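The values are calculated or read from the model by the stated rules, or taken from the named source; none is laboratory data. Predicted, not measured: the structure shown is a model, and the values here were computed from it. Positions of Cβ are backbone-derived with ideal geometry, glycine not excepted, and every protein chain shown enters the neighbour counts. Heavy atoms of the whole protein, side chains included, go into the accessibility calculation; ligands, DNA and RNA do not. Shrake-Rupley method; radii C 1.70, N 1.55, O 1.52, S 1.80 Å.
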Amino acid sequence: MPSTTFALDEPLISTLDAVANEARVGLTSDPKTLSPWLFYDEEGSHLFEQITELPEYYLTRTERSIFAAHAGEILREAALGQGPSGKLTLIELGAGTATKTGILLAEAVRQQGSVVYQPVDVSETALAEASENILANIPGVTVRSQVADYTREALPLNRLVETRTLALYIGSSIGNFMPEDAKDVLRNLRAQLLPGDTLLLGTDLAPSGGRNANKTPATLLAAYNDAAGVTDAFNLNVLTRLNRDLGSDFVLQNFRHRACWNQTQSRIEMHLESLTDQRVHIPANSSGPAFTVDFVQGESIHTENSYKFTAAAVETLLASAGFKRTNSWQDPQHLFAVTLAAA
Ligand code: AVI
């Protein structure tokens, strides 16, 4: 099976070196792969924002609707056992522009008068935007942004020991990791938390084999193959990024976006399929000498996995990382779940 993973165990290197390394390793392996973190250059991040607003991409708005319906309960449960003067601190992994977090922050302010919010992300620009939006719209929030790659570094949480922490890992981001790596990410987070702290995990749900007529593989395929072609552009943009960052000569017209449902692995896979026999050149760079990549027509580069979970699979994943599920909430159509777990 192709393994599209985020690198968890490599030392921190510059982004350009990491791109060069990823391209060399991924494009010379069989089958060819590229890691999904490569999607998120400026253009890719912008395209992803557009994806979250597409009619077919139900994930973002469904998770938001779960927050809107259950924020009060979620935060009360997360704060359970907190002393009367204690306040919950919210930390968010991979916060990006934190568009959905506003609902939870507003509720935290309602329940406890004020809240400290620590968004963690690799993108300083996204964090600045998040901070500006939140400060302008939700009085009572203190934002302490942290630029960090939570997939590579131990989290520099700067936690306030007298308060409990609610860590948010939402948006189904955990689904983009291979199962072993997902466990490591959660274990790494668990190691930074204290007893009484909680995690709120957002996961996209698996189609449930006929029991849930609202969610079939077709629902998923539409979400990753939208009519407007934004996901095509998002997937193909990785080749534009390699051309720009590495000087490679990918011809975008010679590839097409393909999404498929892998029932056995319970994941959507995204591929870039070669439309012709072709050779691509990648000049020498920090990762080594120049090399060429040959494609035969129909061969693909595996660019992303997006795992879909049953409620039981979420519980097992959490348990494997040392968390204990305490409650979960789904939308009425059972498309998406948010699960609260104790550290
Ligand atoms: C960021 N991540 C949860 C998205 C997903 O659904 O797996 C990335 C994405 N890929 C294609 N569309 C959206």
Quick check on the range 306-325. Is at least one of its residues over 15 Å from THR33 (Cα atoms), of a type in the set (Phe, Trp, Tyr), more than 19 Å from the chain's Cα centre (by Cα) and open to solvent by 20 Å² or more (accessible area, probe 1.4 Å)?
no
Let me spell it out: the conditions are (1) modelled with pLDDT of 95 or more; (2) open to solvent by 20 Å² or more (accessible area, probe 1.4 Å); (3) over 16 Å from the mean Cα position of the chain (by Cα); (4) farther than 24 Å from ALA233 by Cα, and LEU105 meets all of them except one. Which number is the exception?
(2)
So, restricting to strands (runs of 3 or more DSSP E) that lie completely within the range 231-343, which ones have at least 1 residues that are farther than 23 Å from GLU56 by Cβ and among the basic types (Lys, Arg)?
278-282, 324-330
Subset tally (residues that are within 16 Å of the ligand (Cβ to nearest atom), polar (S, T, N, Q) and out of contact with any Lys or Arg (no Cβ under 6 Å at 6 or more places or on another chain)) for the range 241-293:
2
Would you please name the residue that is farthest from ARG61 (Cα to Cα), looking only at residues in the range 107-129 that are touching a helix residue (DSSP H, G or I) at 6+ places or on another chain (Cβ under 8 Å) and among the small types (Gly, Ala, Ser)?
SER123
Subset tally (residues that are within 16 Å of the ligand (Cβ to nearest atom), β-branched (Val, Ile, Thr) and either in contact with a strand residue (DSSP E or B) (Cβ under 8 Å, 6 or more places away or on another chain) or in a helix (DSSP H, G or I) (or both)) for the range 51-106:
5
